[in-house]
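Peer 1: Mind having a look at this structure? Questions to follow.
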Amino acid sequence: QVQLVESGGGLVQAGGSLRLSCEISGRRFSINAMGWYRQAPGKERELVARFSSGDTTNYADSVKGRFTISRDNAKNTVYLQMDNLKPEDTAAYYCNTVPFLIQYWGQGTQVTVSS
């Protein structure tokens with residue numbers, strides 16, 4: 001049974017950085033299938049970062065140049081490095097496959113950016 005556990009969120013001032021972690025257990029798919037999503041209050045959940053074919057990565061325009069997705073296959077962990085954070089990055093962040101599977105949603109980790 002696949003379980004995804006996100007961690008690393010918190011409260012940070014605008015311009016600050018955070019690194020989120022997503023620990024994967026029971027994985028039977030390529031770690032390259034993973035991505036990071038976020039959901040702000042009153043908004044739909046959106047995909048912000050993902051792995052693509054080979055070693056390429058893709059990002060939402062709103063985070064491009066500020067967020068970096070990476071992975072550690074040995075640790076079954078996916079990371080999201082977030083730099084130059086903005087108040088509009090405030091959201092609950094989740095990892096999941098791309099496209100997502102409903103049964104894989106975890107609790108997420110809250111990121112709050114103060115101005």
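Peer 1: Within the stretch 27-49, which residues are of a type in the set (S, T, N, Q) and either at pLDDT 95 or above or open to solvent by 70 Å² or more (accessible area, probe 1.4 Å) (or both)?
Peer 2: As a first pass, look at the stretch 27-49 and keep what is of a type in the set (S, T, N, Q): 30, 32, 39.
Residue satisfying the conditions is Q39 alone.
Peer 1: Can you find, within the stretch 1-19, the residue that is surrounded by the most Cβ atoms within 10 Å (Cβ to Cβ) among those that are at pLDDT 95 or above and not in a strand (DSSP E or B)?
Peer 2: Checked the stretch 1-19; the qualifying residue surrounded by the most Cβ atoms within 10 Å (Cβ to Cβ) is G9.
Peer 1: Also: Which one of these is over 22 Å from L4 (Cβ atoms) and surrounded by fewer than 17 Cβ atoms within 10 Å (Cβ to Cβ): S62, S52?
Peer 2: S62
Peer 1: Being hydroxyl-bearing (S, T, Y) and in contact with a strand residue (DSSP E or B) (Cβ under 8 Å, 6 or more places away or on another chain) is the filter here, so list the residues in the stretch 50-69 that pass it.
Peer 2: Within the stretch 50-69, S52, T57, Y59, S62, T68 meet the criteria.
Peer 1: Restricted to the stretch 70-111, and to residues that are among the basic types (K, R) and assigned to a loop (DSSP other than H, G, I, E, B), which residue is least open to solvent (accessible area, probe 1.4 Å)?
Peer 2: Going through the qualifying residues, I end up with K86.
Peer 1: Now for a separate question. Out of all the residues in the stretch 29-58, which are farther than 21 Å from G106 by Cα and either within 15 Å of the chain's Cα centre (by Cα) or in contact (Cβ under 8 Å) with a residue 24 or more places away in the chain (or both)? Write out each step before concluding.
Peer 2: Pass one, the stretch 29-58, residues farther than 21 Å from G106 by Cα: 52-58.
Correct list: S52, T57, N58.
The values are calculated or read from the model by the stated rules, or taken from the named source; none is laboratory data. A quick note: this is a predicted structure, and the numbers were derived from the prediction, not measured. So basically every Cβ, Gly included, is an ideal-geometry build from the backbone, and we count neighbours across all protein chains shown. Surface accessibility is based on the protein's heavy atoms, side chains included, excluding ligands, DNA and RNA. Shrake-Rupley method; radii C 1.70, N 1.55, O 1.52, S 1.80 Å.
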